[in-house]
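Presented below is the structure to which this report refers.
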Amino acid sequence: MQHIPRLGSRLLLGLLLTFHAAIYAEEGGVSSVYEAIHQGKSVSQFRFRYEYVDQANKPDDANALTLQSLLGWQTAPYKDLSVTAQLINVSHLNQDFYDNNLGRNHSSPLPTVQDPEITDINQLFIDYTGIPHSKVRLGRQIIRIDNTRYVGDIIFRQSSQVFDGLTLTNHSLANTEFLLGHYEHLRQATGKYRNTNFDIVHASYQYAPKASVTAYGYFMDQPETGQNTGVLNNSHKDIGLRFDGALDVHPDWRWLHTLELARQTAYQGGASAIDVSYRRMGLGLGYKQWFARIDQEILSSNRGLYAFQTPFATLHPFQGWTDLFTTTPRQGMIDRYLTLGGKFEQWTLHTEWHTMYADQRYQTPSGMGDHYGNEWDVSCAYQYTPKLQAKFEYARFYENETLGSSLTATSRKPDTTKSWLTLLYQF
């Protein structure tokens, strides 16, 4: 088992003290620790995946076979406390790909499939619900906030992103949730551990049964994330407001809407070039289990020196599934995209079309340009049973104007085709 000490001495001490309190507390919940464990539930799954990658700047194709195993248990509440423990193992079933292990640079002829082998503690936390309308979570945990644009678990990859810290949620006010969080370490999807000083302030009010307005602040003191962003110290804060959801206009019809504005500025010694904005606007229409919508997302650039970054996000759903823009180019991003999807019996269908431009024009081999390229994504999932799902996904990115002064520029976004076949069994 690797990296267990990285939970941090203070967090581990807190876990032990809280568990000690659970054993000797006198009221509430089930009658014993044994019953709490026995009446708990499994948080386990196996996920087998085949991933194919054809990338124009690589002579060979990647064919990756990997298996993710999550084995865990969540106890029932005992004296207002419950414990969740989960182990993760990611195994390679072949070697026909480069896994980007720990984020090392490479010159492999094979494209990257970012699923390094790992055996580790995936989650280990205690929940305390003794405060009215509140829950306190201490330890290593998965965090998913809103649409995961700022904070997520990178759930698509076999090795998830997890945070070591403290989360407080409160529902004292009707239709309102407050969330406060502080985190000291994280394990990225590459398997790399980082020290961090990351704080979250988040408040959401549900103004309709399926719609909410959210105000948030994310405060990240983590200089190491400046790599490839154009600055050495990427510590920053994000302050924003988001309206999102659906408004019913008929028993079968609903209007879909998203409006979000945010500002990213330097924080705790971050580079002065960090002064950029985020804007998203989207409208759509839903009918029963089907929907269609059009969106525009803008991550602005500060004169080509730096662009809006979200290093703790689950980035796979954004700017196309080929994951070529997980770090926003310094010239920024304007992504206009159409989304269609829905459900039919056990089938779930989803497709997207992206056309992506720079916020600031950039150098190309033939002059100046601003069109990164286009991408088409499609997925089809079939739910065999409540526990077993099969899913096929396909993504194709077409480069338009080469970003960089030559075809070998390291910032080039080459034509890329990816496909995935996934079997997921949860138990």
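Key figures
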quantity: Where only alpha carbons of segment 40-137 are counted, the Rg and the Dmax (Å); calculated: 19.1, 60
quantity: Debye intensity ratio I(q)/I(0), log10, segment 111-162, q values 0.18 Å⁻¹ (C-alpha model); calculated: -0.74
quantity: Pair-distance profile P(r), taking every C-alpha pair of segment 152-195, with 5 angstrom steps and integer %; calculated: 5, 20, 20, 17, 14, 12, 8, 4, 0
quantity: Kirkwood Rh and Cα Rg combined as Rg/Rh, segment 235-307; calculated: 1.19
quantity: Under the Debye formula (equal points on every Cα, no solvent term), log10 I(q)/I(0) of segment 348-392 at q = 0.14, 0.28 Å⁻¹; calculated: -0.55, -0.95
quantity: Heavy atoms of His250: accessible area, 1.4 Å probe, square angstrom to 10; calculated: 90
quantity: For the chain, fraction of C-alpha pairs farther apart than 43 Å, in %; calculated: 12
quantity: Packing-based order for 50-61, 379-390, using average beta carbon neighbours within 10 Å, highest first; calculated: 50-61, 379-390
quantity: Interatomic Cα distance distribution for segment 137-259, bins of 10 angstrom, percent; calculated: 12, 36, 32, 16, 4, 0
quantity: With eigenvalues of the C-alpha gyration tensor scaled by 5 and rooted, segment 305-427, Å; calculated: 33, 14, 13
quantity: Solvent-accessible ranking of Ile298, Ile155, Ile142, largest area first, probe 1.4 Å; calculated: Ile155, Ile142, Ile298
quantity: Highest-fluctuation residue, Gly332, Gly40, Gly191 considered, GNM on the chain with Cα pairs under 10 Å; calculated: Gly40
quantity: Taking N as its residue count, the alpha carbon Rg of segment 306-362 over 2.2 N^0.38 Å; calculated: 1.37
quantity: Residue-normalised accessible area of the chain, expressed per residue, 1.4 Å probe, Å²; calculated: 47
quantity: For the chain: relative contact order, % (alpha-carbon pairs under 8 angstrom, 6 or more apart); calculated: 11
quantity: FRET efficiency, Gln360 to Leu241 (Cβ-Cβ, R0 30 Å, nearest 0.05); calculated: 0.75
quantity: For Phe427, solvent-accessible area (1.4 Å; no DNA, RNA or ligand), Å²; calculated: 80
quantity: Protein accessible area in segment 250-315, 1.4 Å probe - carbon and sulfur %; calculated: 62
quantity: Charge context of Thr258, other residues only, Cβ under 15 angstrom, K/R +1, D/E -1; calculated: +1
quantity: Part-to-part distance (alpha-carbon centres) for segment 145-186 and segment 341-355, which is given in Å; calculated: 27
quantity: Computed over segment 54-129: relative contact order in percent, which uses C-alpha pairs under 8 Å that are six or more apart; calculated: 37
quantity: Accessible-area ranking of Met220, Met368, largest first, probe 1.4 Å; calculated: Met368, Met220
quantity: Radius 15 Å from Cβ of Gln389, net charge of other residues (Lys, Arg +1; Asp, Glu -1); calculated: +3
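The values are calculated or read from the model by the stated rules, or taken from the named source; none is laboratory data. Every value quoted in this text rests on a predicted model; they were computed, and no experiment measured them. For neighbour counting, all protein chains shown are included, and Cβ atoms are generated from backbone atoms with ideal geometry for every residue, glycine included. Keep in mind that these areas ignore ligands, DNA and RNA; they rest on the heavy atoms of the full protein, side chains included. Shrake-Rupley method; radii C 1.70, N 1.55, O 1.52, S 1.80 Å.
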